[in-house]
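The values are calculated or read from the model by the stated rules, or taken from the named source; none is laboratory data. Model, not experiment: these values are computed from the prediction. No Cβ is skipped: glycine too gets one built from the backbone with ideal geometry, and neighbour counts run over all protein chains shown.
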Amino acid sequence: MQKCESCGKIFSEEEAEREFADEYIMPYSNFQKKLCGKCAVNAMDNYEKGVYFMSCENCGELFDLNEEDEECLGSLLEKEDYDLINLCTTRSICLNCLFLCRKNS
């Protein structure tokens, strides 16, 4: 049993994983904080920064998914960027690699 770093609730990691998996297809194990399932879902829903990190499929660098998702969606507003928005939200690619793809296309 662990204590949630957000709400203070005592929780089991297995229970938190199940609750998170009901809402997101991403692995619960990428959380850098110990969060119960409800707080994990809330962190992702609210783009909480410094909580969920992924490794870029292209360069291998670790990046903050919530920070980059928010920046990505805020930066790619032109109609021709819809394919890149889809790439950003469906694959684990950091913004540096995403913008390199944009520049090279």
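Determine, yes or no, whether E68 is modelled with pLDDT of 75 or more, in contact with a helix residue (DSSP H, G or I) (Cβ under 9 Å, 6 or more places away or on another chain) and not in a strand (DSSP E or B).
Details: modelled with pLDDT of 75 or more: no; in contact with a helix residue (DSSP H, G or I) (Cβ under 9 Å, 6 or more places away or on another chain): yes; not in a strand (DSSP E or B): yes.
No.
When you check C39 against the structure, is it within 27 Å of I93 (Cβ to Cβ) and out of contact with any strand residue (DSSP E or B) (no Cβ under 6 Å at 6 or more places or on another chain), yes or no? Write out each step before concluding.
Details: within 27 Å of I93 (Cβ to Cβ): yes; out of contact with any strand residue (DSSP E or B) (no Cβ under 6 Å at 6 or more places or on another chain): yes.
For C39, the condition - within 27 Å of I93 (Cβ to Cβ) and out of contact with any strand residue (DSSP E or B) (no Cβ under 6 Å at 6 or more places or on another chain) - is met.
Collect the residues in segment 18-53 that are free of Cβ contacts under 8 Å to residues at least 24 places away in the same chain and more than 17 Å from L65 (Cβ to Cβ), keeping them in residue-number order.
Across segment 18-53, the qualifying residues are R18, E19, D22.
Within segment 46-56, can one find any residue that is in contact with a strand residue (DSSP E or B) (Cβ under 9 Å, 6 or more places away or on another chain), modelled with pLDDT of 90 or more and on the phi > 0 side of the Ramachandran plot?
Yes.
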